[in-house]
Amino acid sequence: MSIFTPTNQIRLTNVAVVRMKKGGKRFEIACYKNKVLSWRSGAEKDLDEVLQTQSVFVNVSKGQVAKKEDLTTAFGTDDLTEMCKQILAKGELQVSDKERHSQLETMFRDIATIVAEKCVNPETKRPYTVNLIERAMKDIHYSVKANKSTKQQALEVIRQLKETMEIQRAHMRLRLVLPAKEAKRLKEKLKPLLQVVESEDFNEQLEMVCLVDPGCYREMDELIRCETKGRGSLEVLSLKDVEEGDEKL
């Protein structure tokens, strides 16, 4: 039996469709709801958890599978997995208006939660509530982008909110241990990355406890490892330097 006869239609239910135009033709893949965004953000790595079937369609709702020669011409490969990945990454997720609204509302709340978890009022060192961050996001008319991860958008929101309110990333508290020979030279290189030096003790080696912006952690870790060839160390004492208690509004 030819695989392109109507009897070979695949019927799928409760499906999220990702659509992409390529080579002048429309191609679709059938995915599980809520998995597409997880895959795009990197939270989901297993393609089988995202796809209902590793088939490429011209019309998912009618179960019409795309012809092999059309796929090969459009994508330049006969690897179905690679085709599915391309459509999943660059295609447009087809959802109803009601679903899209609900999805964006959930993402809006998730973004506000991430911002509240990462940030403090720099004057009081106390965190903001999620509700307060949500109100601030509405005040700046922040528009959620369905194709970007909530973490990426949270960082963008923090940058925008800095223009209208007192907010900053909560500092990390770190302990740095530097070998005596490299200590002075390395301290000068690290100085621009340090927000506050809380303590400094020099005996056989330099030990410092300091507060830094979380965004500097990777750079500091790499600098210490490379410059000391593994003899120095960087230890996280606390992920957030915050004052306990309720935020004063």
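Expected output is a single nm value to one decimal: the length gained when fully extending between Arg231 and Leu80, i.e. 0.36 nm times separation in residues minus the C-alpha distance. What is it?
Working: separation 151, 0.36 × 151 = 54.36 nm, distance 4.83 nm.
Additional length available on full extension: 49.5 nm.
If we restrict to alpha carbons, what Rg and Dmax does segment 115-249 come to, in Å?
Just the Cα atoms of segment 115-249 yield Rg and Dmax of 17.7, 55 Å.
Looking at the P(r) of the chain, how many percent of alpha-carbon pairs lie beyond 26 Å? Could the numbers behind the result be given before it?
Details: 18140 of 30876 pairs.
Across the chain, Cα pairs with separations above 26 Å total 59 percent.
Can you work out the accessible area per residue across segment 100-249, with the rest of the protein chains kept in place, probe 1.4 Å, in square angstrom?
Result: 60 Å² per residue.
Would you grab the residues whose amide H sits under 5 Å from the one on Lys33? Only those 5+ places off in sequence or on another chain, please, with H modelled 1.01 Å from N.
Ala16
Tabulate in residue order the Karplus-calculated ³J(HN,Hα) for segment 74-80, using 6.51 cos²θ - 1.76 cosθ + 1.60 with θ = phi - 60°, rounded to whole Hz; enter x for Gly and Pro.
So the J values, rounded to whole Hz, are 6, 9, x, 7, 10, 7, 4.
Translational diffusion coefficient, Stokes-Einstein: compute it for segment 129-184 using the Kirkwood radius over C-alpha pairs as Rh, at 25 °C and 0.890 mPa s, and state it as an integer in µm² s⁻¹.
Rounded to a whole number, D works out at 175 µm²/s.
Using only C-alpha atoms and all pairs of different ones, pull out the Kirkwood radius for segment 179-220 in Å with one decimal. Numbers along the way, then the final one.
Working: mean 1/r = 0.0922 Å⁻¹.
In segment 179-220 this quantity evaluates to 10.8 Å.
Place a label point 7 angstrom from the Cα of Arg19 along the Cα-to-Cβ direction, then list the residues of segment 70-109 whose backbone nitrogen is under 16 Å away.
87-88, 90-100
Which listed residue (Gly232, Cys210, Ala146) has the Cα farthest towards the positive end of the charge dipole for segment 145-249, taking +1 on Lys and Arg C-beta and -1 on Asp and Glu C-beta about the Cα centre?
Ala146
For the chain, which whole-number percentage of the solvent-accessible area (1.4 Å probe, protein heavy atoms only) is attributable to carbon and sulfur atoms? List each step's numbers first, then the result.
Numbers: 6910 of 14990 Å².
So the carbon and sulfur contribution to the accessible surface is 46 percent.
In what sequence, highest mean first, do 134-143, 198-207 appear when ranked by Cβ atoms within 10 angstrom?
134-143, 198-207
Place a +1 charge on the Cβ of each Lys and Arg in segment 129-171 and a -1 charge on the Cβ of each Asp and Glu, then give the dipole magnitude about the Cα centre in debye, rounded to the nearest 20. Please list the in-between numbers first.
Details: 8 positive and 5 negative charges, 41 e Å.
Charge dipole of segment 129-171: 200 debye, to the nearest 20.
If amide H atoms are built 1.01 Å from N in the plane of the peptide, which residues on other chains or at least 5 residues away come under 5 Å of the amide H of Val65?
Placed amide hydrogens put Ile10, Val58 under 5 Å from Val65.
Calculate one ³J(HN,Hα) per residue across segment 197-208 by plugging θ = phi - 60° into the Karplus curve 6.51 cos²θ - 1.76 cosθ + 1.60, and present them in order as whole Hz with x for glycine and proline.
9, 7, 8, 8, 9, 10, 10, 7, 8, 8, 10, 10
Just to be sure I understand the curve: with the Debye formula and one point per C-alpha of segment 13-118, what is log10 I(q)/I(0) at q = 0.09, 0.19 Å⁻¹?
-0.26, -0.94
Normalised by the residues of segment 43-197, what does the relative contact order come to in percent, with Cα pairs under 8 Å and at least six apart?
16 percent.
Where does each of 122-128, 230-236, 106-112 land if you order them by average Cβ count within 10 Å, highest first?
By packing density, highest mean first, the sequence is 106-112, 122-128, 230-236.
For the pairs Lys138/Lys187; Lys148/Lys187; Lys151/Lys184; Lys85/Lys229; Lys22/Lys145; Lys85/Lys162, note any where the Cα-Cα span goes beyond 31 Å.
Numbers: Lys138/Lys187 42 Å; Lys148/Lys187 38 Å; Lys151/Lys184 37 Å; Lys85/Lys229 40 Å; Lys22/Lys145 23 Å; Lys85/Lys162 37 Å.
Pairs exceeding 31 Å: Lys138/Lys187; Lys148/Lys187; Lys151/Lys184; Lys85/Lys229; Lys85/Lys162.
Taking the Cα-to-Cβ direction at Asp201 and at His141 and moving 7 Å from each Cα, how far apart do the two end points lie in nm?
Between Asp201 and His141, the label points sit 5.5 nm apart.
Give me the percent relative contact order of segment 119-224, please, defined on Cα pairs under 8 angstrom at least 6 residues apart. Don't jump to the answer; show the numbers that get you there.
Working: 116 pairs, mean separation 26.2, N = 106.
Worked out over segment 119-224, it gives 25 percent.
Please say if segment 85-148 is rounded, prolate or oblate, where rounded means a/c under 1.5 for a ≥ b ≥ c the square roots of the C-alpha gyration tensor eigenvalues, and otherwise the choice is prolate for a/b larger than b/c and oblate otherwise?
Working: a/c = 3.39, a/b = 2.18, b/c = 1.55.
Prolate, since a/c reaches 1.5 and a/b exceeds b/c.
With +1 on each Lys and Arg Cβ and -1 on each Asp and Glu Cβ, and nothing else charged, work out how big the dipole of the chain is about its Cα centre, in Debye to the nearest 20.
Taking the Cα centre of the chain as origin, the dipole is about 1020 debye.
The values are calculated or read from the model by the stated rules, or taken from the named source; none is laboratory data. Keep in mind that this is a model prediction, so the values were computed, not measured. Here Cβ is always computed from backbone atoms with ideal geometry, including for glycine, and neighbour counts include all displayed protein chains. To get the accessible areas, we keep the full protein, side chains included, count just its heavy atoms, and leave off ligands, DNA and RNA. Shrake-Rupley method; radii C 1.70, N 1.55, O 1.52, S 1.80 Å.
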